[in-house]
Each structure stands twice: as C-alpha cells, then as structure tokens.
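Working notes, structure below.
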Amino acid sequence: MSDAKPLELHHERLFPADSASRDLARALYARVADAAIISPHGHTDPAWFAEDTPFKDALSLLVLPDHYLVRMLYSRGVALNELGVCPPGELPEVTPREGWRCFARHYYLFRGTPSRLWLDSTFAEVFGIDRVLDEQSADHYFDHIQACLAEPGFRPRALLDRFNIDFIATTEHALDSLTHHQTLTSAGLSGRVTTTFRPDDVLDPDVSGFADNIERLGEMTGEAVDGFQPYLQALRRRRADFRALGATATDHGPPSPMTACLSTAVAQTLFDKCRRGAASGLERAQFRGHMLTEMARMSLDDGLVMQIHPGSRRNHNSWLFDKFGPDMGADIPMRVDYCDSLQPLLNAVGNEPGLELIVFTLDESNYTRELAPLAGHYPALRLGPPWWFHDSPEGMLRFRRATTETAGFYNTAGFNDDTRAFFSIPARHDMARRIDARFLAEWVVEGRISESDAQDLIQELTTGLVTEAYRLDKRPSGQFARAAG
Amino acid sequence: MSDAKPLELHHERLFPADSASRDLARALYARVADAAIISPHGHTDPAWFAEDTPFKDALSLLVLPDHYLVRMLYSRGVALNELGVCPPGELPEVTPREGWRCFARHYYLFRGTPSRLWLDSTFAEVFGIDRVLDEQSADHYFDHIQACLAEPGFRPRALLDRFNIDFIATTEHALDSLTHHQTLTSAGLSGRVTTTFRPDDVLDPDVSGFADNIERLGEMTGEAVDGFQPYLQALRRRRADFRALGATATDHGPPSPMTACLSTAVAQTLFDKCRRGAASGLERAQFRGHMLTEMARMSLDDGLVMQIHPGSRRNHNSWLFDKFGPDMGADIPMRVDYCDSLQPLLNAVGNEPGLELIVFTLDESNYTRELAPLAGHYPALRLGPPWWFHDSPEGMLRFRRATTETAGFYNTAGFNDDTRAFFSIPARHDMARRIDARFLAEWVVEGRISESDAQDLIQELTTGLVTEAYRLDKRPSGQFARAAG
Amino acid sequence: MSDAKPLELHHERLFPADSASRDLARALYARVADAAIISPHGHTDPAWFAEDTPFKDALSLLVLPDHYLVRMLYSRGVALNELGVCPPGELPEVTPREGWRCFARHYYLFRGTPSRLWLDSTFAEVFGIDRVLDEQSADHYFDHIQACLAEPGFRPRALLDRFNIDFIATTEHALDSLTHHQTLTSAGLSGRVTTTFRPDDVLDPDVSGFADNIERLGEMTGEAVDGFQPYLQALRRRRADFRALGATATDHGPPSPMTACLSTAVAQTLFDKCRRGAASGLERAQFRGHMLTEMARMSLDDGLVMQIHPGSRRNHNSWLFDKFGPDMGADIPMRVDYCDSLQPLLNAVGNEPGLELIVFTLDESNYTRELAPLAGHYPALRLGPPWWFHDSPEGMLRFRRATTETAGFYNTAGFNDDTRAFFSIPARHDMARRIDARFLAEWVVEGRISESDAQDLIQELTTGLVTEAYRLDKRPSGQFARAAG
C-alpha cells in the first residue's frame, strides 16, 4: 500500500533538543535502557500469570480495559457501543474487529498523549508492526496481533521474561481470595509476581457494603469482629496472609489525604457507628483517617511499605456510572491539602525511620508547597512518582523540577507504572528512564550536578530507589526470582 | 535623530532557541502565517463596523480603553489624570497628546509583557513606524498615527480586510438593542461581524438592577415575566433575536464556575426571592448556577455554543471603582474549583455530543488537576484557550504543556483574542500561531509527535478547531462572507 | 589521594544549554557579576558584626544553624544527635569533627539542591578547597576550615569587605534590646549593617506570651499600654527606635496573608480580649489582620518599607518541637489566598504610591492567579523575590516566567537572600544574578525583549529595583558606608 504511513519510533524520543544535552541524555539512558523492570505498584490481573492462557484479541487486550483510551474516544463523541463497550451483563453490539476499526479511525485523537507513545512503542517493539495505525491499517493490525497472540511467546509468563520484568506487584482488596497468588507461590513465582494489600473495602465506611465487608473480614480471619480491637486484629491477620504470599506493601485510595489520630475509645465509638450506618460524613472521614494511622502503625510492626493514593473524585459522571459501572475514565482529580491532612499521622509515626510511607498526588500544586517540604523533613515519608494523569513526559518533568530542589532525589521512590495495561509496561518504564536521563543531562549541562553524580543518579532513579523504598532487597529470596523458561 | 532606537520586530520571535526546533517552528508557522483570522470571542465595538467612522487619536484608540495598559501604569505610580483617564461625566485634565507623552515616558514598564509585543507589532506592521516608543519619539508617534487614522485605509471596515479577518464576534448583553448588528445585517455583514449573547445582566441576581433587568427583558420579548417558565421563555426569545443576527454563541461570566441543577419548583422559588431581593448569598449563587444549566439546555435546543468565563473578583479596588467605575484593570482572579462546581451541569447535559460547552480559567492550577481530565472525558466539554492574563507566550505554553497529554489537542477550541483592542488583533493571532508552531516543533524534535502530524495540527490549532468548536461551518452562508470592498 | 574527586565549579553554571542563549547569558552576567551585594532582608546575627570575633568551627558555622541541611539529613534517617544537634540546655553527644564527618558522609543527599550549589561555591571560593566533600575528605575539610577561621581575613567585618557587601539588614523582634546595632551605630556601620523591625511578638495574639510582650513594650517605650491608642503609640515609638539605628523596613510573618480593616472601637475591643486571652481564633486572626493594616498606615507616615512573609505552618512536627524547639526544618508551607486576604489592607492604603508593601509567598499557585495581577494594579504593592524553598534555580525561573508577563519586571523588588548562613551570601546572590541573566538571555534570543533592554534590566534586577524598593537611596548617608579596613 503506497500511501501507508510508516511507524518509526524516534530513537532519541523524549531527549532534549540541544545537542550537548541530547548527547549526554543518550549516554545516561544507555546505562539503564536494558535494566530489568521493577514494577512495585500496578493493576495487572494475577490470573494471567497464574493461568498463563493466551490473550484474546487486540480490542479486549489493548483498548477495552484501558480507561485512558475509552475516555478520550468518548470525549470526542465516539459512542461506547461502537467501541464494543457494553453495560455489565450485556453483550457488545459490535465484533472485536469492528470495535478495533472504530479505535483505529479515531487514533489521531491521541496525538501528543502518553497513550499514543506507549501504544506506538507496543505496536513497533512488541508486535513488530511498521505502519501507523489508522483506518486503512486497522485490519492489518487486528490480524497481525491476532496471529501474534496465538504464539507461545505471547503468553503472559513468556512475556514476563521477554519484557525483562524482575518484579511485578498486583493489587488485591482485603477480601480477595488470593487464589491466583497461591498458585503463583506454588509455582515458585511469589518473589516475582506479588500481591499488594489494598484494604479500602474494609477501612472506608463510604465503600458500599462496608458493614458486610467487616463481617466477611471476620469470617476470613477467624476473628469475631465485634469491636475495634478484634477488628484491628483481623486486619493484622489479613496483612499476614498477604505477606505470606510475598506482599511487600499496602495501598490506600482515600478520597482525600486526611488522617486522624484518635483515642481508642473514640475509634471504638466511630467503628460502631460506621458499621451501623449511623456515622455522619465527618465521622466517616475521621474513622477513615484514623485507620490510615492504624495502618501506618501496623506497617511499623510488620514491615509492609505503605502507599497512599488520594484525591480522585471517583465516578464523576453519574449517568455513565449507573449504566456502565466504575473505571470508565470518569474519575476526576480534586484539590487536596497535605500539610494539615497528614499531620496527625506524621505526628504519630512520621519520625520513625523504620516506616516507609509513600505518598502520591493528583494535585500538582502541592509538589513545591507541601509535598517536597514534608518529604524533605519527615524520615518516614517519600514521594511516589507522578501518578495517573501525570505519568507522562511533561508530568514527570514537572515532578522532578518541582520536588528535587527541596526534597532531593533520595526522598523519592523510583518509578512505578500503576497500570493494568500489561503490554504497555516496557514502554512506560522506558519513558520514565528516558525522561530521567533527559532531566539529569539538562542539569549536568547547566552545571547543577556533576556528570559523575548523574551517572550514579540514573541508576538510583531506575533501580536503587525503588528497591530501597519497596524493600525489595529484604524479600526472603534475597534475589529476584525468575520463572522457569 | 541619531540616538533614536530602531524598532525592529524579530522575525523569529517566540520561536525556540535551539536551531532544529527553530527551523521546524518557522516552517510550521509559514503554513498558517497568512491564514484568515477567525475571532469568535471578543469585545470590539460593533458601532465601529456599523458606522465605519474614523478612529480619533492614538491615546483614545490604543491606550485609554486598554485596561492592561492603564493598570500597569497605575501600578507604578502614574496618576490616572496624567494619562487622560477621568471619572465618568468629567473632562480629561490633559490633551490626548499630553496623555500619549505620559504613556510613552513609561513605555519601558511593559518590557517583557505581551502588551509590549502586541503594541510593537501594531506600531511596526499596522502603522509602519521604525523607532521605539519613548519620551523622544512620543510626538512623532502621535502625529504619525493621527495622519494614518485620517486615511480611508484606516477605517474599521477597511481594516477588517487589511487584517484579513474572516469572522469576528462582538459581545452584547441580553438587553442590548442590537442596533449596530441590525445595521451590519442590512449591509450583508452579519456572517462576518456577529454578536454573542451575554446574559449575565438577566441571569445573575448579584448584578445591580437585576429585578429591573428582568422587567426589561419581559418588555423586549413580549413575555409577562411573572414566573420562572415565562422567564425561560423570554430568554429563549432573546436567544432567537441574537441568532437572527448571526450569533453562534453565548457567553457567561459568573464569579465562580459553580453550577446547580434544581427542580423547577425550587428554581421558581429562588427566582421569586431573587427578584424581590430576598435571597441569601447562597440562594443567589444557586440560582445563578442553575441558570447556567438552563442555558446549556437551551443550547442543546438552539445550537448556540456556550462559553463560561469564571473566576474573576471584579472591581477589587473599591476606591477606584467608586471614582472611575468598572474595567479599570482592578479585576483579580481568585482560586476556583471545577471538579465539583461543574458536576451538576455536566451530569445534566455533559454526555450530549450535541452540546458545545467551552470553559475558560484564570486559575491555572486547574489545568492538569481538573480541566484536562474533565475535557478528556465529557463529550460536551472543550477547553477554551488561555484567557486574559494567560493570553501570553508563557501562558500559552503552560496551557499546552499542562493540558495536551490528558485532553489531547482535539478537546480544545483554537485561539480567541477576547479583546476590545481592535488594532492588536493581528498581533494577538500571530502570537498564538507562533507559539503553537513552536510548541509543535519542540514536540517533533523530541520525538513526541511526527512531523506530518504537526503539519496537520498547526492547521487544526489555527483554523480547524475554532471553526468546529464555534460551529462556523454551520452558519447559514456556509462561507465566510466578505464585505464589499 | 588518587581517588579524590575534584571540586570544580562550572563557570557557566545555571546558564542555558543553547549556545546563543548561553553566550548572551554570559555577557549579561558579566555586567553584574562583580556588583556590590545589597542584602535588604536576612537573619545574620548582628553580634558577629558588632563583636567581630572569629567563627568557631565548620560544623557550628556551616551545618548546625542551617535548617535546610539539618532537615534533609533528618529526612533520610540521620539521627540528630549524630550531627551534634541537641535539645536546648543539653550538651552535644559528638564532637564538632564527628558531626562534620556525619554531614560529609551524607553530603550526596544534597545532589540537585540549591544548598549543594551554595556550599560547593562556599567551599571553593571562600575556603579555596579543590576536592568534593565526602567521607574521605571530611577531615581535610574540617581542618582546613578550622585553619581559615583563625585568620583575621575570616572575621565577620573583614568578610563584609571580602564579600563586597554594601548593605545588609538583620531582623530583630520588637522587644529586642538592639544592643548590637547600637554598637554598630557607634562604629559608624549603621548605614551598612542595619536592623529590621519584626513585631510579630507584639502584634500576633497567637505568639506565646503575647500579653506579657505588650507589657514589656509599654515599659520599653514609656507608654502605659492600657488601651489600643497607647498601644499604637508605643508601636510608633518602637519603630522610631529601629529607624534611629538605620532600619529601612519592617517585616511580618503571619500564618496567612489575611488582613482586616476594623473600626477603632472594634480594634479596641479585640485588643482587650486578646490581652486577656479571651479572644476566639477568628478574633485573634482579625486582630492580627487589622494590625497589618495599622502597620501599613504607620509605614505611610514614617517611610519604613513593609514586608509580609505569610503562609508557613510553623513547627509541624510536634515531637521535634517539644524536644528541640523551633527552626529545625519542620515548617511546612500551606495553601493561602491573597485576592480576598489582602483586600482590606489594599483598600485602605493600596492606592498610595508613597507606600512600599513587598509581599512574598510560599504558595506558587498564587503567582499568576493573584499576586501578579495584584502587583500589576496596586501602586503600593511589589512582589518579593522567590522565598525560602523557592530561592533556587527552578524557583526563580518559575517566578519570572509566572509573574513577568502580568506584573512586569518593575513591580518586583530585586533579590534578597533571607539567610542566617553568612558564608553562603555571595553564592546566593551569584545564583540569582546567573538565573536573571539566563532568563533575560532566553527572552532576547526568543525575540521577546531587545538586547539593549536586557542590558538595562540586568542592572535593574541586580541593583536598581532593590535599592528603589527598600529606599536605600534615601538613607541618611546617601552613600553606602564602608567599614574601615
């Protein structure tokens, strides 16, 4: 086809324009380009790795589960049914091929977005495609990807090797059966594919079914959860269950970073009211905030790294939520405060060097004002990498430029991809490495760090800090376990 | 005069320093440098085009109506009377020439501001002046401009041609007589110079004279506005009046983006209280917020594009307002929220691809946190270009860098100049085109978009998106009407 | 030692990467590189200059008083006692040399921070050291600095000359005895080392001991401070005391920029309640806010320049504060508002060109939204330079990029170092000059200002604006006094 546009990845993509900076960025990047991937926070499905069955087709693999893509198409008037998105329990109105064609026809909408960069990398480097995706090439893409997915080399475990993933954490709620991770443990993979303890379902009174969830927690742990102390004990047991399967971290997604440090008597009272559905909005928020402090205390005891991802107004679009459910790309960040919000927790445990508390933000106005000063003071606190909408070239550059001068590099936690899009993981880590190399190169050329420091730092930002922050060097194996080939 | 400083416009102004990026920016800019101007939102006076009388003098044309200039001079201690600014109903204390000299003497204060770039462009390219404005050249400027303004080629309609303006919208309040636009329609110019429906005077209970305005609205539309439904009907009629004269859009300037979606019964009650002056501050805000939702519903019916320009604390300086009135450069932006504020309206009509809702901001902290995620999800929503204080090189770059990765290019609405400074319009559009070319060039050189995509995008950002967003291709003529020469 | 890393300052540090911009930055910098230092706001100890005794050792001179350093070390788990920090009244657990070794061992933590740039400059240019500080070179550093400090050339007054400091202001609270400044006045140095009136101790009801402080104020001024008017009179007298010793400015550090303009009757009532400890939180804030307006009125009378440094949550870490006291690096910025907060004060005195009010911020989200528009309108208002965490290369660039287009260069106040780290003052001013030169060079290359304007502006940003804003050309001597050699 003579007018097919070639798909060519720019070898020096994301590097600075200036040649001195670019040369140095290239050299720094080369030091880590092939480093193994460490992915300590994400949302891949453990069933993939436990069952190792082939992926189905391009649409269900690459488009439908990716709310970055669905929301953008929807925002420009693409009807969800044309894409093959359907309400739970219903059947799609189009075939996967038809949905893929719709995606291809609108692929131009992603110009300038990180999704475009990740997808083009995936198309070229994972699938070996050499044409740009558009209406003309849609069928070629669909067929070629279909053929690839049928090959053994495109099964999940094989891709773990091909993608050079040394460690990947999934995320499970407190009440998850953990079946897949048990399978992975039996297969000797628990040091490589690991769960993360995400207990919002049993900590946040605003979660639907909270009281029932507490009951279920009691059943799973054999604790009669009839009071606050047994509730804490049940949580400790559940954390131990996750640790037994290799978990090194917990994760928390409260709407705001508000924390509290209540007396046991008050906590007991709120616990009772929350279970009975009798707590006010403020009381529910206080309970949720207090439980973050309790989680931090438990982390001090059991060594699990604690992550907080606050600040998203979930399911902003009521009509969409009622029809299609959550995770449709309608979660909107909101303004949050960290200075006052984190103070109760930090006053309780922030001076403990034995605690690793990694905080993320969707509100970048806090980088210089609150987060970098907090991380640059409290021993327990680190800044997580730019999250979600900010996991992008500009987002990463804003993060480094805003936080480094106050918090330094060493109060950060390396990169994590936070994704359910498994095939994009190599591209995402590659983007982070390129941007870090670029950032360091620019600062060397501007005489702000020495070249030898930059050589150390690119290693730290790629491997050192994430290993330290998530305590991966303290895992039982002491080594990154590799799946049998 | 041997020490006169030459006024030389830098041919590559606003392009990036790096030569590869600059070369590409130059090439992209060349594709749109001569494109016709489309100005879908602004504040020029329709009387100029209806009556086509000559402009008076440099001071009253270029300085006095421009609050960007007056405020800056005032901020550095220039007394307003020395400039020729006087309270309403009083006579100026200085002649236009004396006021102009005062301006020239302080022209250095504008170094680094967009006003300086616009004015220098206007001086050089519209008036053909080749010396920098300062105390020495003040009289030369005044005389030269005076001579120009006496020429036929400097009359408003001739300038529409000379400036290559294909479309320009003025802004009139709901109670405006629209006389000038009727004249323009009779002259066959309504497809080129058009009004915009700006109904704050009859929607915002905090506007002085609100109840009287409602009465007047009733009289103008023949509706007995004694209840909420007739009030809505009167608004529909007024919108139809504007549409009949070519309007393609409405504009709304509430203090905050707060919206509401009330029951008809509650809206009726608030309407009555607001008219009687019996509504509380919160009730007035709720009514104002609900009326935004009603306007959005009417836009769905009649196809007018809806613009919201929120977040300015008007008339911050009480003494100045009491003495000189509004629009003296004392409007100060304030922190606003979009996530929660827009939710009621968006939940009512945000899923309608048939609605065009263009939102602006003076609070840039919302770009990445709220506005790009909202625009990157809701079909009805687009982001307006950087507004007012942010209509500047840095402001435009911040906008693109902050919004593109999440909202893409296609959820934006092109450029608009939003100005009453008619002579600056070519310079303002030129600045936007240069900055867009620069931004795209930088991203091509950094491997973030392809060069062929950038070639498409510079057309989209200059002409395509503004035409689509303001539905200018749907105007009755189907073509841009040109005034008879 | 063969593996010692050389300490080499990059001669073109902080300049842009692009060669055209860099060449111009170098040329602009050269115009001011050797200009005398004017330091109108800071926290050096007047005893140094009054007594002129030698400094003790590297640790107590360079590390212990610098909360930027202590907080960063603490944040990465360094125990304070290992550094030689101890609670008030206790003795350090380590020798100065041991504390210094601990600092040296962790010096890598400062990579990329302004502290690192300032320290490396100090080591190389003040002490002539040519090796990087690390564990191996720690003793060499300690011994070499010790030897230097014993030399006459390293005494405080000699360093004033060597550092080319023409003017430096310290900061004293209202109840300070001013002994050292009296000594300096006797020595003919009051035009060169001057105090600043910082009356938070007698204006802010939340300061511990507020009522006692008022009593003491009465005693010091001979006013029976039994009512609001005598209290104002006592403040006027105290301001006169400071002015008599050369003060040109006041400084105010309220938690928020909230101001108020109350009637005298209300102010009297609040004054009484605050003294009795009977005022609510809101009443205390209103009183504090009103006193800012009173201070502005007094500044109009006596000509003292007024500075406001708001927005820090002091002593965020309760445990640390209880054990070690204030100024341990645990002050965290918080979100503040200027638009509404400053309105009462600005409506009272903001239109007075005879007032110099310099406002600072730790919340950069206000730069474009509120501060630049306010400074670009009110005659009394100027923007102070980037403060504290923002006194850094990125912070300065963000400030210029965010404020210049709206406020211009001429509503700013030059640079000030705001430091107690005397030895870092040359490096801090040098950093500001390099960044200003860089910023101007970039804008010249981008055609946004002319080269001849940039040549004027680098002088203004270095010397002109600070002299004008702090009225240093109006000091009695009319000249910068130089200490006898």
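Read-outs throughout are calculated quantities, based only on the coordinates presented, and are distinct from any laboratory measurement. Remember, predicted model here, so these are calculated numbers, not experimental data. For neighbour counting, all protein chains shown are included, and Cβ atoms are generated from backbone atoms with ideal geometry for every residue, glycine included.
Among A:244-251, B:89-96, A:213-220, sorting by the average number of other beta carbon atoms lying within 10 angstrom of each residue, highest first, gives A:244-251, A:213-220, B:89-96. Centre-to-centre, using Cα atoms only, region A:225-252 and region B:31-49 are separated by 64 Å. Distance between the modelled labels on A:THR95 and A:GLN455, one decimal in nanometres: 5.7 nm (7 Å Cα→Cβ projection). The calculated FRET efficiency for B:ALA224 paired with C:VAL266, based on their beta-carbon distance and R0 = 45 Å, is about 0.40.
Computed from label points 7 Å out along Cα-Cβ, the spacing between C:ASP139 and B:ALA20 is 5.0 nm. Taking the label point 7 Å along Cα→Cβ, A:SER452 and its counterparts in the other copies are spaced 4.9, 4.9 nm apart, in ascending order.
Peptide packing: for B:354-360, B:314-320, the average count of neighbouring Cβ atoms within 10 Å per residue gives the ranking B:354-360, B:314-320, highest mean first.
Per the Cα gyration tensor, the protein assembly as shown maps to an equivalent ellipsoid with semi-axes of 46, 46, 34 Å, ordered largest to smallest. Summary of packing: across the peptides B:274-285, C:44-55, the per-residue average of other C-beta atoms within 10 Å ranks them, highest first, as C:44-55, B:274-285. For B:GLU51, the point set 7 Å out from Cα toward Cβ sits 7.8, 7.8 nm from its twins in the other copies, listed from shortest up. Each semi-axis of the equivalent ellipsoid for region B:171-217 is √(5λ) with λ an eigenvalue of the Cα gyration tensor; in descending order they amount to 26, 10, 5 Å.
Spatial offset of region C:255-295 relative to region C:58-129 amounts to 41 Å, using the alpha carbon center of each.
Applied to region A:36-41, the Karplus parametrisation 6.51 cos²θ - 1.76 cosθ + 1.60 on θ = phi - 60° returns per-residue 3J(HN,Hα) values of 4, 7, 10, 10, x, 8 Hz, with x for Gly and Pro. Averaged over peptide C:21-28, the number of partner chain Cβ atoms lying within 10 Å of each residue's Cβ comes to 1. Under 5 Å from the amide H of B:VAL78 lies no amide H of any residue 5 or more positions distant or on a separate chain, with H modelled from the backbone and absent for Pro and chain starts.
For C:ILE165, the residues whose amide H sits under 5 Å from its own are C:ILE37, ignoring neighbours fewer than 5 places away on the same chain, with H placed 1.01 Å from N. Remark: spin-label model distance A:ALA47-B:ASP327 equals 6.3 nm, labels positioned 7 Å along the Cα→Cβ axis. Peptide B:339-345 has a mean shielding of 3, counted as Cβ atoms of other protein chains within 10 Å of each residue's Cβ. Computed per residue of the protein assembly as shown from DSSP H runs no shorter than four, each worth -39500 (n - 2.57), the mean residue ellipticity at 222 nm is -13000 deg cm²/dmol.
Take every Cα pair under 8 Å whose residues are at least 6 apart in sequence, average their separation, divide by the length of region C:54-154, and the relative contact order is 34 percent. Karplus-derived 3J(HN,Hα) values for region B:346-362, using 6.51 cos²θ - 1.76 cosθ + 1.60 with θ = phi - 60°, are 5, 5, 7, 9, x, 8, 8, x, x, 9, 10, 10, 10, 10, 10, 8, 9 Hz; glycine and proline are entered as x. Placing a label point 7 Å from Cα along the Cα-to-Cβ direction at C:ALA79 gives distances to the equivalent points in the other copies of 7.0, 7.0 nm, listed shortest first. Ellipsoid fit via the Cα gyration tensor, region C:213-365: semi-axes of 25, 21, 18 Å, each the root of five times an eigenvalue, largest first.
With neighbour counts taken as other beta-carbon atoms within 10 Å, the residues C:ASP241, C:ASP453, C:ASP139 rank, fewest first, as C:ASP139, C:ASP241, C:ASP453. For chain C, relative contact order (Cα pairs under 8 Å, six or more residues apart, normalised by length) works out to 21 percent. With θ taken as phi - 60° and the Karplus curve 6.51 cos²θ - 1.76 cosθ + 1.60 applied, the whole-hertz 3J(HN,Hα) list for region C:163-169 is 7, 6, 8, 7, 8, 9, 10 Hz, x standing for glycine and proline.
Each of A:THR221, B:THR113 was scored by other Cβ atoms within 10 Å of its Cβ. Arranged with the fewest first, they read A:THR221, B:THR113. To make sure I understand the rule: partners must be aspartates and glutamates, Cα under 20 Å from the Cα of A:LYS323, and not fewer than 8 residues away in the same chain. Which ones qualify? In chain and number order, the partners are A:ASP66, A:GLU82, A:GLU90, A:GLU93, A:ASP331, B:GLU352.
Ordered by the count of other Cβ atoms within 10 Å of each Cβ, fewest first, B:LYS273, A:LYS474 give A:LYS474, B:LYS273. Taking the convex hull of the alpha carbon positions in region A:109-170 and averaging its projected area over all directions gives 5.3 nm². Averaged over peptide B:103-113, the number of partner chain Cβ atoms lying within 10 Å of each residue's Cβ comes to 5. Think of the axis that spins chain A onto B; the A residue whose C-beta lies nearest it, and the distance in whole Å, is A:SER365, 3. Here's how it looks for C:THR194: its modeled amide H is under 5 Å from those of C:ILE168, C:ALA169, C:THR170, which are all 5 or more places away or on a different chain.
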